Amino acid sequence: MNFAHSAAPRIDVTRGMGTLFWRPDLATGIREIDLQHEELLANVSALHEAARTGNLGLAEGVLAYLERYTAEHFATEERVMWGAGYPDLDAHWSLHLSFATELARRKGEYATSRSRGSLLTDLGRWMERWLEEHLLGADAEMARFVRGRVSGAGTTAGCRPDGP
Ligand SMILES: [Fe+2]
Ligand SMILES: [Fe+2]
């Protein structure tokens, strides 16, 4: 699936409350994954902005998109790791699962809450923290291995490294 053309909810995020924006040190050097990470961060910013302005309908749309998109993104990474024979695939998969589980828990809390705006803001902050830690930690570690396999043996399918 080409995520760059996905039907993401659109919002002006230039004045958003989010603090995590795409920056060079977040790059894994695997183009497909980096494009997906950029899209994720842009939509987390959109979630913040929608929550800030009280546009809960839009925020819910962005949240639903983020839920689908993270699942597709995680599947992409798992395919890349499997293709490269990454030895820590199970541990990385568990981190993805824990994200999905926590997101589902928070969505359930949101559904019955009377303070939905603040819950959405908290959710956006949690997502930012999780993503930053995951991109700089587990994803960077996985990418180092995958890039090494591709440049070393040239046998890895499913990824196109484009960085150092
Ligand atoms: Fe990722
Ligand atoms: Fe990951």
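Odds and ends about this structure:
- For Leu47, the requirement of being farther than 30 Å from Phe145 by Cα and part of a helix (DSSP H, G or I) is met.
- Check on Ala46, farther than 21 Å from Gly137 by Cβ and out of contact with any strand residue (DSSP E or B) (no Cβ under 7 Å at 6 or more places or on another chain): yes
- Ala104 vs. criteria over 12 Å from the mean Cα position of the chain (by Cα), of a type outside the set (Asp, Glu) and at pLDDT below 95: yes
This table checks each residue for (1) under 17 Å from the mean Cα position of the chain (by Cα); (2) within 14 Å of ligand 2 (Cβ to nearest atom); (3) polar (S, T, N, Q).
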{"site": "Asn43", "(1), (2), (3)": "yes, no, yes"}
{"site": "Arg52", "(1), (2), (3)": "no, no, no"}
{"site": "Leu56", "(1), (2), (3)": "no, no, no"}
{"site": "Leu63", "(1), (2), (3)": "yes, no, no"}
{"site": "Ala75", "(1), (2), (3)": "yes, yes, no"}
{"site": "Asp88", "(1), (2), (3)": "no, yes, no"}
{"site": "Leu119", "(1), (2), (3)": "no, no, no"}
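- Qualifying positions in the range 88-117 - without any contact (Cβ under 8 Å) to a residue 12 or more places away in the chain and either hydroxyl-bearing (Ser, Thr, Tyr) or not in a helix (DSSP H, G or I) (or both): Ser94, Ser98, Thr101, Thr112, Ser113, Arg114, Ser115
- Criterion violated by Gly83 - all others in (1) touching a residue at least 40 places away in the same chain (Cβ under 8 Å); (2) within 17 Å of the chain's Cα centre (by Cα) satisfied: (2)
The values are calculated or read from the model by the stated rules, or taken from the named source; none is laboratory data. Keep in mind that what you see is a predicted model, and the values were worked out from it rather than measured. In this analysis, Cβ positions are derived from the backbone assuming ideal geometry, glycine residues included, and neighbour counts consider all displayed protein chains.
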